[in-house]
Amino acid sequence: MTDRRPPLDPRLLRASRSARRYVVAASAFTLGDLLAAVVAAVALAGLLADLVTDPTRRGFGAQAGTLTVLAVALSGRAAMRYAADRYARRAAHRTIDELRVAALTAVTDPDRTSPRTLLARRDHALTVVLRGLDRLSDYLSGYLPALASTVLVTPVVIGVIAWTDWVSAVIIVVTIPLIPIFMVLIGLVTRDRTRRKLDAMSRQTSQLVDLMTGLPTLRALGRARGPAARVSALGDDLRRSTMSSLRIAFLSGAVLELLATLSVALVAVSIGLRLVFGEMSLYAGVLALVLAPEAYLPLRQVGAQFHNAEDGVAAADDVLDLIDAPHRSTGAGRSVRVAGAAIQFDDLGVRGRDGWAPHAFTATVAPGELTVLTGPNGSGKSTTLAAVLGLERPDAGCVRVGGVAVTDLDRDEYTAQIAWLPQHPVVVPGTVAENLALFDARGDGALDERALTAAARASAFTDVLADLPDGSQTLLGAGGAGLSAGQVQRLALTRTLASPAPLLLLDEPTAHLDDETGRRVLDTLIRRARDGDTVLVVSHRPEVLAAADRVIAPAHTPQEARDAV
């Protein structure tokens, strides 16, 4: 993201159809309001001029037509502004919804964001997509209409005043640049303060999410009140940054109002002096005086709305960066039959912020064998599984399945032949039965009953079902709410082991399991391997390593190869 951005980011118009329609509608409302303002000013100038200079036209009957035009123009202007405000609010909410969906789609798209990148950007993305993007409403409903008024209204009003009184027009042209100059100076300070506030919100969200995740453990250890001081400090940081932004907003608003007031006063003094000396007509003076504030009003609105919208604009910049993340090449979409195919790691390397993990990894995972991937923490074991899945694109080397690079495969067809157990299994809101069917490779919503029963017995999930109030129809919340960590592990193991997929990828499958259950799971994996499936397990437990047909360990270079190619 660059430091300099246009007032209306073209990326916003590309990302949201509602935003494009709203810009057109806002321009139409602005033109209607401008027409009504000019008609009202002309009618008012004519009315006052007649009342002062022509005694024969001082009655209501003589001014009925002018009064009618003035009333219609003022009523039309009020109706136009009311309709524009209502439409702006609705369009703003629709635009925010579209941007939010587009950002979430981009973040969760493996062709744009790898799991490692998502983990690093998760907290910041959560802040800007949920909390920050809501502030974009002020930008869309206030700042954009003010911009449209500045582009359309100010030049036309100056032109009308110049046609009536060129001296007043010259004064406006000379003084009006002072407002944007001060807006730029104030905006440079506001931008930095707003960025600091958004960063403070991101840090607070990140640490609060981590705290809530570990709260059950802290309560079990009797240390639930320990982080209270840190939470209070985070709140104080956010309060200070917010009050700093508000202070600048109030002061800058006062400066802009003062400049606009003094500029209009210069026009009024010039008109008054020339009226006294008879150098201009009353009609021209009144018309120029009535329209002069309209020339400054759009810029004043831009300045006032800028501070209200700056939070949303800063968040929108980050959201549009997420949406515009480039697609990684997905290859030619080739097909491969995973069953009976070997997996080959050819000098595989994935580079992270702490170095290469793995680095120059070469190995073969053969079907019909239980292969265990082991190594110290940070050596790239989980990253290697992600590379096999196609979720992580290698920075060096490649992963081949049946002689075809994973990056060249049709993703949907390939992943349909894989059963994957990650370190943190996914449990979606719904029933236990619906979560068990997530790995249904046949696509009909039901796993083979015999395979499911055998897998549940091996993972001891039958005991879990017996303890649940409604068995397999028990409703679970987001993240497995309603189940313990061990029960979530058993559920995920059950659906993985019951899957007919010929390739099984399991990351620490015996975690959170007792020794007896772990042995049954290991026996099941050995049987799957003996039946011809390809089984790749990440583990460092001695009993798993002892049962393996082949043990492989990726090399890593945490520091010295950080900048290697």
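Do we find that Val338 is in a loop (DSSP other than H, G, I, E, B) and within 23 Å of Leu421 (Cα to Cα) in this structure?
yes
Of these, Leu299, Leu320, Leu348, which one is within 33 Å of the chain's Cα centre (by Cα), within 29 Å of Gly397 (Cβ to Cβ) and modelled with pLDDT of 75 or more?
Among Leu299, Leu320, Leu348, only Leu348 is within 33 Å of the chain's Cα centre (by Cα), within 29 Å of Gly397 (Cβ to Cβ) and modelled with pLDDT of 75 or more.
Conditions tested, residue by residue: (1) within 29 Å of the chain's Cα centre (by Cα); (2) in contact (Cβ under 8 Å) with a residue 60 or more places away in the chain; (3) within 15 Å of Ala342 (Cα to Cα).
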position: Ala366; (1), (2), (3): no, yes, yes
position: Asn377; (1), (2), (3): no, no, no
position: Thr383; (1), (2), (3): yes, yes, no
position: Ala386; (1), (2), (3): yes, yes, no
position: Arg400; (1), (2), (3): no, no, yes
position: Asp408; (1), (2), (3): no, yes, no
position: Pro429; (1), (2), (3): yes, no, no
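Kindly list, by first and then second residue, each pair from a residue in the range 438-459 that is closer than 26 Å to Ala485 by Cβ to a residue that is among the charged types (D, E, K, R) and modelled with pLDDT under 85, limited to pairs with Cβ atoms under 6 Å and residues at least 6 apart or on different chains.
Pairs found: Leu447/Asp440.
Do we find a residue being surrounded by fewer than 15 Cβ atoms within 10 Å (Cβ to Cβ), β-branched (Val, Ile, Thr) and in contact (Cβ under 8 Å) with a residue 40 or more places away in the chain anywhere in the range 460-474?
No, the range 460-474 contains no residue that is surrounded by fewer than 15 Cβ atoms within 10 Å (Cβ to Cβ), β-branched (Val, Ile, Thr) and in contact (Cβ under 8 Å) with a residue 40 or more places away in the chain.
Residues of the range 19-59 being among the polar types (S, T, N, Q), surrounded by fewer than 16 Cβ atoms within 10 Å (Cβ to Cβ) and either closer than 13 Å to Val157 by Cβ or touching a residue at least 12 places away in the same chain (Cβ under 8 Å) (or both), which ones?
Thr53
Taking the criterion of being part of a helix (DSSP H, G or I), modelled with pLDDT of 85 or more and surrounded by 15 or more Cβ atoms within 10 Å (Cβ to Cβ), would at least one residue in the range 389-405 satisfy it? Please lay out each step first, then the result.
Within the range 389-405, the subset part of a helix (DSSP H, G or I) is 389.
Remaining after also requiring modelled with pLDDT of 85 or more: 389.
Next, only the ones that are surrounded by 15 or more Cβ atoms within 10 Å (Cβ to Cβ) stay: 389.
Yes, the range 389-405 contains a residue that is part of a helix (DSSP H, G or I), modelled with pLDDT of 85 or more and surrounded by 15 or more Cβ atoms within 10 Å (Cβ to Cβ).
Give me the residue from the range 6-18 that is assigned to a helix (DSSP H, G or I) and either among the polar types (S, T, N, Q) or in contact with a helix residue (DSSP H, G or I) (Cβ under 6 Å, 6 or more places away or on another chain) (or both) and, out of that set, surrounded by the most Cβ atoms within 10 Å (Cβ to Cβ).
As a first pass, look at the range 6-18 and keep what is assigned to a helix (DSSP H, G or I): 10-15, 17-18.
With either among the polar types (S, T, N, Q) or in contact with a helix residue (DSSP H, G or I) (Cβ under 6 Å, 6 or more places away or on another chain) (or both) added as a condition, the list becomes 11-13, 15, 18.
Values: Arg11: 17, Leu12: 24, Leu13: 15, Ala15: 21, Ser18: 18.
Checked the range 6-18; the qualifying residue surrounded by the most Cβ atoms within 10 Å (Cβ to Cβ) is Leu12.
Quick test of your reading of the structure: Ala456 fulfils all but one of (1) surrounded by 14 or more Cβ atoms within 10 Å (Cβ to Cβ); (2) within 23 Å of His540 (Cβ to Cβ). Name the failing condition by number.
For Ala456, the failing item is (2).
The values are calculated or read from the model by the stated rules, or taken from the named source; none is laboratory data. Given the structure is predicted, the values throughout are model-derived calculations rather than measurements. Quick reminder, even Gly has a Cβ in these numbers, built from the backbone with ideal geometry, and neighbours come from all protein chains shown.
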